[in-house]
Amino acid sequence: MSIYDTLNEQQRQAVFQTEGPVLILAGAGSGKTRVLTHRTAYLIEEMGVNPYHIMAITFTNKAAGEMRERIDHLVGYGSESIWVSTFHSSCVRILRRHIDRIGFETNFTIYDSDDSKSLMKDICKKLNIDTKIYKERSLLSAISSAKDELVSPTEFALRAEASGDYAKRRQAEVYREYQEALHKNNALDFDDLIVKTVELFQSDPEVLDYYQERFRYIMVDEYQDTNTAQFQLIRLLADKYKNLCVVGDDDQSIYKFRGANIYNILNFEKHFPDAVTIKLEQNYRSTQNILDAANSVIANNVGRKAKSLWTANDAGEKIDFEQFDTGYEEADYIAKDILAGVREGRYTYGDYAVLYRTNAQSRLFEERFVVSNIPYKIVGGVNFYARKEIKDLLAYLKTIDNARDDLAVRRILNVPKRGIGATTVGRVTDYADAYGISFYEALKRAEEIPSMGKASGKVKPFVNFIQMLRSKTELISVSDLLNEVIEETGYVAELEAEDTDEARARIENIDELISKVAAYEEGEEHPTLSGFLEEVALVADIDSLEEGSDYVVLMTLHSAKGLEFPKVYLAGMEDGLFPSYMSIMSDDPVTELEEERRLAYVGITRAMKELSITCARTRMIRGETQYNKVSRFVKEVPSELLNGEIRQPSFLREQEERQSARCQKQKRPTVRQQPSGQSMQAKAFSSVNTAKTSLSYSVGDRVSHIKFGEGTVTGIIEGGRDFEVTVNFDTAGTKKMFASFAKLKKV
């Protein structure tokens, strides 16, 4: 029996189509790696192609290693001369031999992200760039995006000049200096590895011809994730023999934020008019019900190539859909469901995955799993309480609560940067050791420390700030303390100015910490800073969990691509969270929502046997209770596939009825409720004293909020220290907030 007899009809067609450009549209779970490895074997064994002339490109070292192993197993002797590599590794090999032809030495240094940041700091200093306005990370991000699109410093400068945008002109200036500094240092950053290889091929026909001869058969995996520079690299290499086979799935193109250009796969036939397109639609992973749900959701995207997954597997269970009142109930349900499945012997812990849109969502699951003694591991992220921004802010709270915690004090002494370096820290530490006092106590005596000099003047404002907050611990709430730290240090403001995907994710995590504090205060009769820190310490103590293979996986949807699990939970399926508020309200919502929908498709198709979709009617974001509609992606799943009914909560129905009546009375169009995720973009609360005072408004009154605009007060609950006010805002939906935070004004 031939190894090719195990393939289905479409897979065999993809394997046997060896000549000319080939586009293999491989749906989720359709066996694309199997096709690539068998195609390689067919080229060598049946077509007589020398392994030396075959190139297989993928994105990660792990994927390249797995492909190499499977090819070796199929082909055996001689397969070692096949070029199986990542894009970047391939380019390094080429540049090490030939980069001297474009003005670099072959012993060039490759800069990692930290090296690039250090270089950028030097350039900003040289050009007198105000890094409070132009963050180093933002500048590096702009340069990286330009390189992804093969935009040179000269072209970038011309575009900036034509735009008349001063910020763009400054970026162009920095880009030019950055590239000149790299060249001077005989260094390349990560993006340059691709860019300089393209430049080499375009400027040196002899080198290009050598590699075109070498790579007569080229295969590219995960083609939907390529950027413009990678596309150009492959196009140049394949231009002579045209034997280019690309494998990918436009429905799984989810890395636009990393520079991926979906049009590389959508327009493949335009770039290569003679291309043969083969669709792999048979899925070997999931049940038909799961695939029907995935097909129904992704069919709503316009920018895609039509295909529909099917399977020979059973129809399987319907998709479990559960709505909860709060995110806490959602996490509790999932924890109990996992425990029941393990107890009944249906699954092991390792069979489960909980997928969510943002890293910040892991916190509730982590806390619930620790309490329930469920072993878990976060993939593609770190423990919520181990993230830098969370550790930084908790270190401030620890210092306020107990300044003898030297570790906490040292962590935040120069966060944000105060010009306090290692030398100063060393002198303070020596003084503390000599006098048997804490590090913080030594900081208070900085002026007495020999050889401190001007450094004592940098330490004093920090000590004064901590002392001021320590004096307030009995007067204001933990929430107020945290918000004052955020406000006064400018922690969130700095991240907002940075304006990168990483910075936005960090802000979301800080929002989640604020929600955690608010939830703690709500659940405690006598909340204290010490009590909060104690609770966090107990929950965060997960180091005792055994590192084994039998644990529940927690991960973002972006991290889940390429993986599969018997039972999957898609959590937080609410408009404003997933799809995100930013995508709904973006300048190009159609494109952004299609990317989000592809992410939902990826999530659904991770499930093999069972899929549960969960959401919460209310969720705490930045300490505010938000009322959320069920995600539009859930509504795109046919009701006959769901166990559970999608119900419009009564408060949303009533709200829209009241709003409609009010709009008719005022003779203006009805404004539909916007998704409630708007407060994700809110700035840190300013510090307020929560001492309760009488309100200037009552139920039924119209009020205005500095951010949410005008609305109607629908409820007021008198609490111990404050009033909890519910407002139905005209455009931002229903919000619950404490009166002292909200600062509502009667209109």
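Values computed for the structure shown
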quantity	calculated
Approximate spin-label separation Phe257-Asp588, in nm, with each point projected 7 Å along Cα-to-Cβ	1.7
Theoretical FRET efficiency, 1/(1+(r/R0)^6), r = Cβ-Cβ of Glu488 and Asp72, R0 56 Å, to 0.05	0.40
Mean ellipticity per residue at 222 nm, deg cm²/dmol - from DSSP H runs of n ≥ 4 across the chain, formula -39500 (n - 2.57)	-14000 deg cm²/dmol
Estimated distance in nm for a label pair at Ser2 and Ile102, the labels positioned 7 Å out from Cα along Cα-to-Cβ	4.2
Leu475 versus Ser145: modelled label distance in nm, points set 7 Å from Cα along the beta carbon direction	4.4
Integer Hz, Karplus 6.51/-1.76/1.60 couplings in order for the stretch 352-360, x for Gly and Pro	9, 9, 10, 10, 8, 7, 10, 4, 4
Estimated vicinal HN-Hα couplings, Hz - the stretch 326-338 in sequence order (Karplus 6.51, -1.76, 1.60; Gly, Pro = x)	9, x, 5, 5, 4, 5, 5, 4, 5, 4, 5, 5, 5
The stretch 1-52 versus the stretch 219-280: alpha-carbon centroid distance in Å	17
Rule-of-thumb Rg ratio for the stretch 438-582 [Cα; 2.2 N^0.38 Å; N residues]	1.43
C-alpha center-to-center spacing [the stretch 412-473, the stretch 71-116] in angstrom	49
Contour minus Cα-Cα distance for Val379 and Ala162 (0.36 nm per residue)	73.7 nm
Prolate/oblate/rounded label for the stretch 1-58 (Cα gyration tensor, a/c 1.5)	oblate
Percent RCO, i.e. relative contact order, over the stretch 333-387, from Cα pairs under 8 Å lying at least 6 residues apart	35
Computed FRET value (nearest 0.05) for Lys126 with Thr60, which takes r as the C-beta separation and R₀ as 22 Å	0.05
Under 17 Å from the Cα of Lys444 - aspartates and glutamates, other chains or at least 8 residues apart	Asp401, Asp405, Asp406, Asp430, Asp433
Length released on extending from Arg343 to Glu206, taking residue separation times 0.36 nm less the Cα-Cα span	42.7 nm
Residue-by-residue Karplus 3J(HN,Hα) for the stretch 583-592, coefficients 6.51, -1.76, 1.60, Hz, glycine and proline x	6, 5, 9, 6, 5, 10, x, 5, 5, 5
Charge dipole (debye, nearest 20) of the stretch 383-536; +1 at Cβ of Lys and Arg, -1 at Cβ of Asp and Glu	1020
Rounded, prolate or oblate (a/c below 1.5 giving rounded, otherwise prolate when a/b exceeds b/c) for the stretch 515-635 by Cα gyration tensor	oblate
Long-range HN-HN contacts of Val84 with modeled amide H, under 5 Å	Ala56
Rounded to 10°, Cα long-axis angle of helix 478-489 versus longest principal axis of the chain	70
Calculated FRET value between Thr326 and Gln467, using beta carbons and R₀ = 41 Å, to 0.05	0.60
Among the listed pairs Lys391/Lys458; Lys377/Lys516; Lys196/Lys242; Lys567/Lys707, those beyond 32 Å (Cα-Cα)	Lys567/Lys707
Around Ser203: net Lys/Arg minus Asp/Glu count, Cβ-Cβ under 11 Å	-1
26 Å tail of the calculated P(r), the stretch 1-131, as % of Cα pairs	42
Gain in span if fully extended, Ser152 to Val699, counting 0.36 nm per residue against the direct Cα distance	190.9 nm
Accessible carbon and sulfur surface of the chain relative to its total accessible area, %, 1.4 Å	48
Counting DSSP beta bridges with both ends in the chain, the antiparallel % (nearest 5)	35
Surface per residue (accessible, 1.4 Å probe) for the chain, Å²	44
Rg and Dmax [Cα atoms of the stretch 203-260; Å; Rg one decimal, Dmax integer]	12.9, 39
Per-residue SASA entry for His271, accessible area with 1.4 Å probe, Å² rounded to 10	90
Val49 long-range amide H proximity, modeled H, under 5 Å	Ile44
Stokes-Einstein D in µm²/s, Kirkwood radius over Cα pairs - the stretch 128-220 at 37 °C with 0.692 mPa s viscosity	219
Two-decimal ratio, the stretch 301-435, of alpha-carbon radius of gyration to 2.2 N^0.38 Å	1.65
Rounded, prolate or oblate (a/c below 1.5 giving rounded, otherwise prolate when a/b exceeds b/c) for the stretch 305-379 by Cα gyration tensor	prolate
Tilt relative to the chain, helix 529-540 - C-alpha long axis, 0 to 90 degrees, to 10	20
Relative pair counts by distance (%), Cα atoms of the chain, 20 Å bins	14, 42, 35, 9, 0
On Cα atoms only, tilt of 362-371 relative to the major axis of the chain in degrees	70
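The values are calculated or read from the model by the stated rules, or taken from the named source; none is laboratory data. This one's a predicted model, so the numbers in the text were calculated from it and none came from an experiment. Using ideal geometry, Cβ is built from the backbone for each residue, glycine included, and neighbour counts are taken over all protein chains shown. Quick note on the areas: whole protein, heavy atoms, side chains included, nothing else; ligands and nucleic acids left out. Shrake-Rupley method; radii C 1.70, N 1.55, O 1.52, S 1.80 Å.
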